[in-house]
Structures are given as C-alpha cells and as structure tokens.
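To keep things clear, I will list the structure first and then write my remarks on it.
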Amino acid sequence: MSNHDQDPSVPADGALVGDWNPHDVELLVEAGIFTLRKIRAASPTEPGKVGEFVYIDAPDWVNVIALTADEQIVLIEQYRHGIGAVTLEIPGGSVDDGEDRVAAGLRELAEETGYTGERVEVIGTVTPNPAILNNICTTLLVINAERTCEPVLDTMEEIAVRLEPLERVPELVREGKIDHSLVIAALHFLDFVDL
C-alpha cells in the first residue's frame, strides 16, 4: 500500500506525515468490479495506535478527452445507477489486467463512441478518492479524433455520443451539466496543454 520503500516512520518527499504500517488485510466482499478489504494498520509515530480501516481495491481507470479537427469535444451521455440520472461525460472506463493505460483509453474511446485519433498523450493522473480507493485514473488527450467505426457497447451499456464545441465546456461545467468529478479533473489537465 505504500508508495515508497523506506522506513514508514520517515515521511517521503518532504511530507509531514508518514505512512501507517499495515498488518492484516482481510477480504470482506468480492463485487465484480471491485473488492472491499479491511486492513489493520499502526501509526508511524505512535506504534500502539492501531486501527481498522476499509478500502476498495479497484482497477485503474482511464478517461479520454477526444478533440476533432474542428475543436469539438467528444462527449457521451449515459445513465449512472449510483445517482439514478443521466450524466454528460468524456469516454472512459477500466484498465484491464495487464493492459497499458493508453491502449485501454483508445479501446474505451472506440468501443463507446466509434472515434479514433491520430495522436494520443497522457496529460494527467489523479487518485479518485484516496480515503477509500486504491486506484488511479489517467487522462488521455486524443487529437484529430474522427468516427472511424461503429461503437461496440457492453450488454448493459446505453450510450449516446454528443459533440460540443470545446469553448463551451466551461459553461457546461458551470451550469452543472458536466458534474462528474473525474471528468472535471480531466478537463482541468487540458488547461495545461498547448493545443
């Protein structure tokens, strides 16, 4: 669980807090797309301070900002069971075991939208919710995206593809039409890119 291989009582990279020392990890629930685990861990500064914590062991995710030659962004509409509503998002999904994150992003883009592109680059990575999730979400930028194939949706997926002018994205976020936190994080990385 540690992101570095040093004494856990010594914080890394100038941090003021050290890593907790994990003891026992227990499987609680296998739920297909994730696993719920409980861990016992000791404080790096007070070894007698031991607590039990739960976390979700999830695959890494990837999001794709695909831009057409005329600066349209490829968006998708899809019903999300967690909130019981349709959301407006960028394409994305899980990285399969052993799959490269760029390959996963290009696969998800083609499967969900039928779009492919001529140039792809990683523009950022976030930890979706480090309090309870152990995965990362990578954002890819695909330039000169165009529809080259038919989407191939999973059995339970119902997705509509929607193009919007890139310049309209801030308005869609301000109005709450794009409100998925990982999509907003991905769009923020786009601000650091020279198009």
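Step by step: first the residues of segment 89-105, then only those that are touching a helix residue (DSSP H, G or I) at 6+ places or on another chain (Cβ under 7 Å) and surrounded by 18 or more Cβ atoms within 10 Å (Cβ to Cβ), then the one that is farthest from Lys177 (Cα to Cα). Which residue is that?
Val95
With Val25, Val64 as the choices, which residue is over 30 Å from Tyr115 (Cα atoms) and either at pLDDT 95 or above or not in a loop (DSSP other than H, G, I, E, B) (or both)?
Of the residues listed, the single one that is over 30 Å from Tyr115 (Cα atoms) and either at pLDDT 95 or above or not in a loop (DSSP other than H, G, I, E, B) (or both) is Val25.
Sort out which residues of segment 1-22 are within 24 Å of the chain's Cα centre (by Cα), surrounded by 10 or more Cβ atoms within 10 Å (Cβ to Cβ) and either of a type in the set (S, T, N, Q) or modelled with pLDDT of 85 or more (or both), and write them in order of number.
Ser2, Asp19
Listed here are the residues, each with its yes/no results for (1) farther than 15 Å from Ile73 by Cα; (2) surrounded by fewer than 17 Cβ atoms within 10 Å (Cβ to Cβ); (3) touching a strand residue (DSSP E or B) at 6+ places or on another chain (Cβ under 9 Å); (4) at pLDDT below 95.
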residue: Arg107; (1), (2), (3), (4): yes, no, yes, no
residue: Glu112; (1), (2), (3), (4): no, no, yes, no
residue: Tyr115; (1), (2), (3), (4): no, no, yes, no
residue: Ile132; (1), (2), (3), (4): yes, yes, yes, no
residue: Arg147; (1), (2), (3), (4): no, yes, yes, no
residue: Pro151; (1), (2), (3), (4): yes, no, yes, no
residue: Val169; (1), (2), (3), (4): no, no, yes, no
residue: Arg174; (1), (2), (3), (4): yes, yes, no, no
residue: Lys177; (1), (2), (3), (4): no, yes, yes, no
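Just for strands (runs of 3 or more DSSP E) wholly inside segment 76-195: which have at least 2 residues that are free of Cβ contacts under 8 Å to residues at least 24 places away in the same chain and in contact with a Phe, Trp or Tyr (Cβ under 6 Å, 6 or more places away or on another chain)?
none
From the set of residues in segment 44-56 that are within 29 Å of the chain's Cα centre (by Cα) and surrounded by 16 or more Cβ atoms within 10 Å (Cβ to Cβ), which is nearest to Asn135 (Cα to Cα)? Reasoning before the result, please.
Step one: of segment 44-56, the residues within 29 Å of the chain's Cα centre (by Cα) are 51-56.
Checking which are surrounded by 16 or more Cβ atoms within 10 Å (Cβ to Cβ) leaves us with 55-56.
On the way: Tyr55: 10, Ile56: 9 Å.
Out of the qualifying residues, it is Ile56.
The values are calculated or read from the model by the stated rules, or taken from the named source; none is laboratory data. All values derive from a computational prediction rather than experimental measurement. Here Cβ is always computed from backbone atoms with ideal geometry, including for glycine, and neighbour counts include all displayed protein chains.
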